[in-house]
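See below for the structure under consideration.
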Amino acid sequence: MYCCFLEHTWVLLRFNVQYCFYYEFKVAFIHLNVSLPVEIFSSPLAGDITQKGYEKKRSKLIGAFLPQAPGCHVKHTEPAWQQSSNMSVLLCVADVHTEAVQAALAKQKERGKMAVPMPSKRRSLVVQSSMDAYTPPDTSSGSEGEGSMQGEGTPTSSQSSINMENWISRAIHGSTTSSTTSSSSTQSGGSGAASRLADVMGQTHLENHSAPPDVTSYTTDSIQVERPQGSTTTSRSTPKYGNAELMETGDGVPVGGRVSAKIQQLVNTLKRPKRPPLREFFVDDFEELLEVQQPDPNQPKAEGAQMLAMRGEQLGVVTNWPLSLEAALQRWGTISPKAPCLTTMDTNGKPLYILTYGKLWTRSIKVAYNILHKLGSKQEPMLRPGDRVALVFPNNDPAAFMVAFYGCLLAEVVPVPIEVPLTRKDAGSQQIGFLLGSCGVTVALTSDACHKGLPKSPTGEIPQFKGWPKLLWFVTESRHLSKPPRDWFPHIKDANNETAYIEYKTCKDGSVLGVTVMRIALLTHCQALTQSCGYTEAETIVNVLDFKKDVGLWHGILTSVMNMMHVISIPYSLMKVNPLSWIQKVCQYKAKVACVKSRDMHWALVAHRDQRDINLSSLRMLVVADGANPWSVSSCDAFLNVFQSKGLKPEVICPCASSPEALTVAIRRPTDDSNQPPGRGVLSMQGLSHGVIRVDSEEKLSVLTLQDVGTVMPGALMCVVKPDGVPQLCKTDEIGELCVGSIATGTSYYGLSGMTKNTFEVFPMNSVGALISEYPFTRTGLLGFVGPGGLCFIAGKMDGLMVVGGRRHNADDIVATALAVEPMKFVYRGRIAVFSISVLHDERIVVVAEQRPDSTEEDSFQWMSRVLQAIDGIHQVGVYCLALVPSNTLPKTPLGGIHLSESKQLFLEGSLHPCNVLMCPHTCVTNLPKPRQKQPEIGPASVMVGNLVSGKRIAQASGRDLGQMEDNDQARKFLFLSEVLQWRAQTTPDHVLYTLLNCRGTIASSLTCVQLHKRAEKIATMLAERGHLQDGDHVALVYPPGIDLIAAFYGCLYAGCVPITVRPPHPQNIATTLPTVKMIVEVSRSACMMTTAVICKLLRSKEASAAVDVRSWPPVLDTDDLPKKKPPLLYKPSNPDTLAYLDFSVSTTGMLAGVKMSHTATSAFCRSIKLQCELYPSREVAICLDPYCGLGFVLWCLCSVYSGHQSILIPPSELEVNPALWLLAVSQYKVRDTFCSYSVMELCTKGLGLQTESLKSRGLDLSRVRTCVVVAEERPRIALTQSFSKLFKDLGLHPRAVSTSFGCRVNLAVCLQGTSGPDPTTVYVDMRALRHDRVRLVERGSPHSLPLMESGKILPGVRIIIANPETKGPLGDSHLGEIWVCSGHNASGYFTVYGDEALQSDHFTSRLSFGDTQTIWARTGYLGFLRRTELTDASGERHDALYVVGALDEAMELRGMRYHPIDIETSVIRTHKSITECAVFTWTNLLVVVVELDGSEQEALDLVPLVTNVVLEEHYLIVGVVVVVDIGVIPINSRGEKQRMHLRDGFLADQLDPIYVAYNM
């Protein structure tokens, strides 16, 4: 939208008037003698433009929003200043703009209170950001926007009539938090709505008793989640959210607890439909199609006739005009050498130096001679005519610049004026360097003072700036130069087609281009300016603009010399000290002309009150360089309003439009006819956003007032063409890009022929395709139209254009609206950046402002919320992200403006460091794919028939058959492991079964067959005598990883008891880890506990009694003190199907599940592993796993006894002290097979990454390893296994040796790579298809591809089938479904306290609904697929690979699709180097992303937009809440798996102590 709200509100106490934006309701093109085209405009003076008429319109326009008592009429009194003023036309459009914003806010308020939850911030972050030693920002916004003075008047409070407290309903400040955990700056307690919601949920979900106990539910004893002891990364601290109130996670919804009020507030806010809802569901195909914005059939379309090209008046050839600019300089330098050319000022406003035309002429000759003859050698001069030279002069030294510039023209070298590089890393300086490099610049001319001020190396040399070519710095001061010989004289030619100078231009993306201007164009431009501005000899002109480029260069350096004018140059540094300086110089020198920007007029308004004797009657022309900017209207009007009484004539104000490519595009001519007011247009923003010009007929608030910028330049032709596509002429009521056909424009972008063609060689055509001229036109980069009487109106710039949802908006307009939001005291007015970023195939608007250091969090947040609403109400577009940064932190342009592309770059990199962020993806993102609707399920039979028809086999596979395998397995003849141990103790008593290593890599202890047997006997005696246990009693074994645990296990088997291994509490962390121990002991119904003396003591300690009720422990037996005698008789079970042991584990969803393992299953399991890994007594296997559950326990305790191999045991906790321990042991013992967990692998990858060379020198050799298996119950972490393989490849590790296993609760090991068989394969699947529960294979590297690694080879005796989890029908090959398993070593059921069989029968005894309905299967709860590969296994059969995708429990159903948390987390971790870990979960359809920050707290807010962007781009999901926490807050279990549900409960109960919580709107 070109919608521009003209700039902000000023308070001018002198008149007590607020000057604001121009609002009229019909387009009052107030040119009394101009007839308006019917198709665009209504009558020229729509209605009454007196004060009464204005009041009438005003009340009609915003009356609906003003509070009125019943029956009252609003009476408007005329202000005193109005009565005496004859400015009725100009003043009648005073403050409607801010009122428009207010009315838009009021309208939003009427829709219902939108309670936006305020972000939570840790106090340290709040304090830090406000207590920094701020310097007030240099608020001047230089070349780009308006600036502001520190002494600026504060806006009056008339705008504050909108009452804010109704707008944001804050969470109740209830919760008391201890001083140590200041979780946020505003503590949020439970709001009424939240607790009511929780109550409802509580009633709904409490009946589900059959589920395994939930470790995240805190019972009266405050039982807590399993937590890694001696956790895997040393930096991880324990989560800080130990004992929450009672909370149960039934079916994934927290119950009865204190849900954070802010989240509830967010949910309530988002329930309110903001935008029209997306059209309903689609019949889902593979593709998730993004919504394409359909054009609105009612949108306005251009209806006018085709425009005609506008021709400027003829360029009058005046006889005494010089034939070139150098000729003009020669003329004035010789005939009027004493005439003043330029006066420079010091920072006190005193004249510093007067450069006469004589001095300019002689010094320029001197510079020309020296650069041609004194650089390089006589034979090889460094510079020849036509070479490019950089001009590097500061803004306070126009005289030196002028001498150098004309010296270059005389020497016929090409000057390239650039900014002074202040540091090596100035914003945009690198791009300038690229320009210099591409122009082949080798010499830089500079002044003495500037040369001294440049950064120097210790040796005194000027370092090479980043991206810059190597330069010779040449000082142009006369005293440093040689005198030219008397016979040397520069060759002065007529203006020709050679390049005169190159002006740099910064593009939207920050790249810098050089616009070449030819000598003939330079002269013609000066002539055109002379004619249109009516310049005469010896006139005085005050110039506030940058003299190195643009309007300042054209008027103050070039045209002034052509006409022998006297320029008074006001440096930027003086303006900062004294904003009135330019007005004082106009009075002092009785200047006829002044060149300024809106900013300078605004500053003068703010500061003029102290001035008495101002007289501006000498001014005949005030050139407003940025008059084309839509918000300069208000500056011009306000300035005139104040200074008319000081002699300023209304017709003096002359806005102009210009661009680096087309030079001056149009300028308003100074007239003598003060009765002819300027042209005005009040246009509908809605129309502008669709590219058409519409009078604001409905008297809406969203209008844009434009002022004309005069007519086309003399000798030029202008037309308006469509902004994109072929350059076709626009219609009269259509906005387009202005194009100029003239000699006086740039001719090319230096060295870029393709871009030059598109910009400088444009041939506009009419609707039938015919060219309108044989000569090329130049694109100006300005958007606008030509109005009545040939007046040009500019509505925006191509660079500021943002196309959102098919509608155009202009960055300047958004800035103006933000500035009109009251009160402005929280941000600096000139320091607002607006740009768009591309997210999910559309532009998204980002607003960044500098916050004043004294504003509070709440003030800033309220201002941000109102800005969002104002922009939404007025522009009908949502802001994607609004960020506030500390003052003075946005990158600056050399003149103090905001460097937009650099700011955007910092935002996208996550280096902006905002102190407040508000994101609104829910409002803005309307092109998400439609939610998926589950189709009526096709019956399983039809699926099967369909698969057969399409030639797909049913997805089933099996490992080798245990029964048919002949081997000399002696252990097979025993039914029980206890018997195998007794047999080994008799036959091979001294064979070592177990070796335990300590952190130094030395043997801590070892066990032979007979030692283990004898120790187990003594433990059995102890259980019988001291524990008084019966057969079948349960015993909890609470031991650290080691030999004691193994002996205790076999002791239980010998005594006929059922062992349960339990991880001991962590001595440094009893409060968090002991409740889990207590819970397992209680849930498993253990009759007794066995442990070591140290842990015995720990269980009875003060800390333990603080954490749990120690009196309710069952008897605790200390196995360090064993009886001497052996039992009379060892127990032999009567039935192999009886219970051997219980395996308890905490799932990633926080559920504690114990499964029953029978003796049959245990023996079958050991046999299966023995065969798969080819384990024999002569083998050694290194195990670095936690021995408490799953395959880790089986490998640690059971396999060695069954197979007879030696197990080298390495407790994972020892790796924290010595990360190389595991690999050194593998190397030292020449181990062929080793097992580890992901935590161990990650520790080695991170901890040993830089030590591979030193390990090699210590003799570490991994070349003998054939299998290195990661034991896991999840999808293989392919990135980790690959980086591990790559890292240790140099130490001999074969990449194919690294593989993973897969197990779950119903079957502790389904797959395990083993020694023989094909290498694990990797496939790439389409992540989008996966969300629809489908598998589509794609090529590596294709968009949305996800690598999946096979989870190892299916174990002998295991059968697998893939079934539909809902219909229980079998699925075809390469179809995603639940993995079902049938095997002799399946667990026989859950061990639950309640004994409810419903859950058990479903999980452990499921049957297919179709096909083979007889086989009994166990459901793993994991989604995956089978794929028959081209590889063959040992038996010659084709190999079936199993790919695990993720757990059903973990998967999140969002928008009708199934998402796996790991995919989103992987995307998020990639976005920023400071994100070390991430976990996601959902809460009432809100996606919550928790990230751990490894960096300063100041970086926390940078992550919010990045996280939101990446999840939108890659997963088509909107993040509801982003939580930034410290390292170690995301809980991880012993297998290295994230405990997301536990994290969720901690978050909802406000226990995470987050650094920052952002609630996306």
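Can you pull out every residue in region 365-398 that is of a type in the set (Gly, Ala, Ser) and surrounded by 23 or more Cβ atoms within 10 Å (Cβ to Cβ)?
Residues satisfying the conditions are Ala368, Ala390.
Going by the conditions given, is Lys456 without any contact (Cβ under 8 Å) to a residue 12 or more places away in the chain, assigned to a loop (DSSP other than H, G, I, E, B) and either open to solvent by 30 Å² or more (accessible area, probe 1.4 Å) or more than 30 Å from Ser324 (Cα to Cα) (or both)?
So Lys456 fits the description; yes.
I need the full set of residues from region 1372-1386 which are open to solvent by 10 Å² or more (accessible area, probe 1.4 Å), at pLDDT 90 or above and either of a type in the set (Lys, Arg) or in a loop (DSSP other than H, G, I, E, B) (or both), in order please.
Leu1376, Gly1384, Asn1386, listed by residue number.
Quick check on Ile541: is it part of a helix (DSSP H, G or I), closer than 16 Å to Thr343 by Cα and open to solvent by less than 10 Å² (accessible area, probe 1.4 Å)?
So Ile541 fails the test.
Which one is most open to solvent (accessible area, probe 1.4 Å) among residues in region 1197-1230 that are under 10 Å from Leu997 (Cβ atoms) and in a helix (DSSP H, G or I)?
Restricting to residues being under 10 Å from Leu997 (Cβ atoms) and in a helix (DSSP H, G or I), the top hit is Gln1228.
Regarding Thr362, is this residue of a type outside the set (Phe, Trp, Tyr), open to solvent by 50 Å² or more (accessible area, probe 1.4 Å) and either in contact with a Cys (Cβ under 9 Å, 6 or more places away or on another chain) or modelled with pLDDT of 95 or more (or both)?
yes
Identify all residues within region 760-775 that are open to solvent by 20 Å² or more (accessible area, probe 1.4 Å), outside any loop (DSSP other than H, G, I, E, B) and touching a residue at least 12 places away in the same chain (Cβ under 8 Å); write none if there are none.
Met765 - this is the single residue of region 760-775 that is open to solvent by 20 Å² or more (accessible area, probe 1.4 Å), outside any loop (DSSP other than H, G, I, E, B) and touching a residue at least 12 places away in the same chain (Cβ under 8 Å).
Every residue in region 1014-1027 that is buried (at least 22 other Cβ atoms within 10 Å of the Cβ) and closer than 18 Å to Cys1197 by Cβ, please.
Ala1016, Glu1017, Ile1019, Ala1020, Leu1023
Can you tell which of Val1058, Val1062, Val980 is closer than 22 Å to Ser1203 by Cβ, in contact (Cβ under 8 Å) with a residue 24 or more places away in the chain and open to solvent by less than 20 Å² (accessible area, probe 1.4 Å)?
Val980
Out of Lys1097, Lys1078, Lys1125, I need the residue that is basic (Lys, Arg) and either closer than 26 Å to Ser1158 by Cα or within 49 Å of the chain's Cα centre (by Cα) (or both). Which one?
The conditions single out Lys1078.
Return the residue satisfying two criteria in turn: it lies in region 459-511 and is of a type in the set (Gly, Ala, Ser) and either closer than 30 Å to Leu522 by Cα or surrounded by 11 or more Cβ atoms within 10 Å (Cβ to Cβ) (or both), and of such residues it is farthest from the chain's Cα centre (by Cα).
Across region 459-511, the extreme among qualifying residues is Ser482.
Confirm whether Glu774 is farther than 24 Å from Lys508 by Cα and among the charged types (D, E, K, R).
So Glu774 passes the test.
Scan region 1519-1550 for residues that are in a loop (DSSP other than H, G, I, E, B) and crowded, with 23+ Cβ neighbours inside 10 Å and report the count.
9
Can you say whether Pro931 is surrounded by fewer than 17 Cβ atoms within 10 Å (Cβ to Cβ), under 22 Å from Asp842 (Cβ atoms) and at pLDDT below 85, as far as the supplied structure shows?
yes
Does region 716-759 hold any residues that are open to solvent by 20 Å² or more (accessible area, probe 1.4 Å), within 22 Å of Glu303 (Cβ to Cβ) and in a strand (DSSP E or B), and which are they?
Within region 716-759, Gln728, Lys731, Glu734 meet the criteria.
State all residues of region 1329-1356 that are surrounded by 22 or more Cβ atoms within 10 Å (Cβ to Cβ), basic (Lys, Arg) and under 30 Å from Gln933 (Cβ atoms); if no residue qualifies, say none.
Scanning region 1329-1356 gives a single hit, Arg1331.
Among the residues of region 993-1013, count how many are open to solvent by 50 Å² or more (accessible area, probe 1.4 Å) and either in contact with a helix residue (DSSP H, G or I) (Cβ under 7 Å, 6 or more places away or on another chain) or not in a loop (DSSP other than H, G, I, E, B) (or both).
4
Restrict the check to region 1464-1483 and report whether at least one residue is touching a Leu at 6+ places or on another chain (Cβ under 9 Å), assigned to a helix (DSSP H, G or I) and of a type in the set (A, V, I, L, M, F, W, C).
Scanning region 1464-1483, I find at least one residue that is touching a Leu at 6+ places or on another chain (Cβ under 9 Å), assigned to a helix (DSSP H, G or I) and of a type in the set (A, V, I, L, M, F, W, C), so the answer is yes.
When you check Thr1413 against the structure, is it farther than 24 Å from Ala1153 by Cα and either out of contact with any strand residue (DSSP E or B) (no Cβ under 6 Å at 6 or more places or on another chain) or not in a loop (DSSP other than H, G, I, E, B) (or both), yes or no?
The answer is yes for Thr1413.
For region 1257-1272, which residues satisfy the criterion of being part of a loop (DSSP other than H, G, I, E, B), in contact with a strand residue (DSSP E or B) (Cβ under 8 Å, 6 or more places away or on another chain) and in contact (Cβ under 8 Å) with a residue 40 or more places away in the chain?
Arg1266, Val1271, Ala1272
Which residue out of Glu1492, Glu1497 is more than 27 Å from Gly1456 (Cα to Cα) and in contact with a helix residue (DSSP H, G or I) (Cβ under 7 Å, 6 or more places away or on another chain)?
The match here is Glu1497.
Restrict the check to region 436-443 and report whether at least one residue is assigned to a strand (DSSP E or B) and open to solvent by 50 Å² or more (accessible area, probe 1.4 Å).
no
Output yes when any residue across region 617-627 is among the β-branched types (Val, Ile, Thr) and either in a helix (DSSP H, G or I) or on the phi > 0 side of the Ramachandran plot (or both), and no when none is.
Checked against the condition, which is being among the β-branched types (Val, Ile, Thr) and either in a helix (DSSP H, G or I) or on the phi > 0 side of the Ramachandran plot (or both), region 617-627 yields no hits at all.
Quick one: in region 940-958, which of the residues that are at pLDDT 60 or above and in a loop (DSSP other than H, G, I, E, B) is nearest to Leu1503 (Cα to Cα)?
Checking each candidate, the answer is Ala955.
Is it the case, given these coordinates, that Pro1064 is at pLDDT 90 or above, in a loop (DSSP other than H, G, I, E, B) and in contact with a Leu (Cβ under 9 Å, 6 or more places away or on another chain)?
Criteria met by Pro1064.
Quick one: is Leu1171 over 48 Å from the mean Cα position of the chain (by Cα), over 22 Å from Pro1136 (Cα atoms) and in contact (Cβ under 8 Å) with a residue 40 or more places away in the chain?
Here the answer is no, as Leu1171 does not meet what is asked.
Could you please find all residues in region 822-859 being open to solvent by 10 Å² or more (accessible area, probe 1.4 Å), among the acidic types (Asp, Glu) and not in a helix (DSSP H, G or I)?
Hits for region 822-859 are Glu822, Asp842, Glu843, Asp854.
Which condition breaks for Leu1117 when tested against (1) touching a Phe, Trp or Tyr at 6+ places or on another chain (Cβ under 9 Å); (2) buried (at least 20 other Cβ atoms within 10 Å of the Cβ); (3) over 20 Å from Asp1143 (Cα atoms); (4) not hydroxyl-bearing (Ser, Thr, Tyr)?
Here Leu1117 meets the rest and fails (1).
The values are calculated or read from the model by the stated rules, or taken from the named source; none is laboratory data. Remember, predicted model here, so these are calculated numbers, not experimental data. Cβ: placed from backbone, ideal geometry, glycine included. Neighbour counts: every protein chain shown. Note: areas computed on protein heavy atoms with side chains; ligands, DNA, RNA excluded. Shrake-Rupley method; radii C 1.70, N 1.55, O 1.52, S 1.80 Å.
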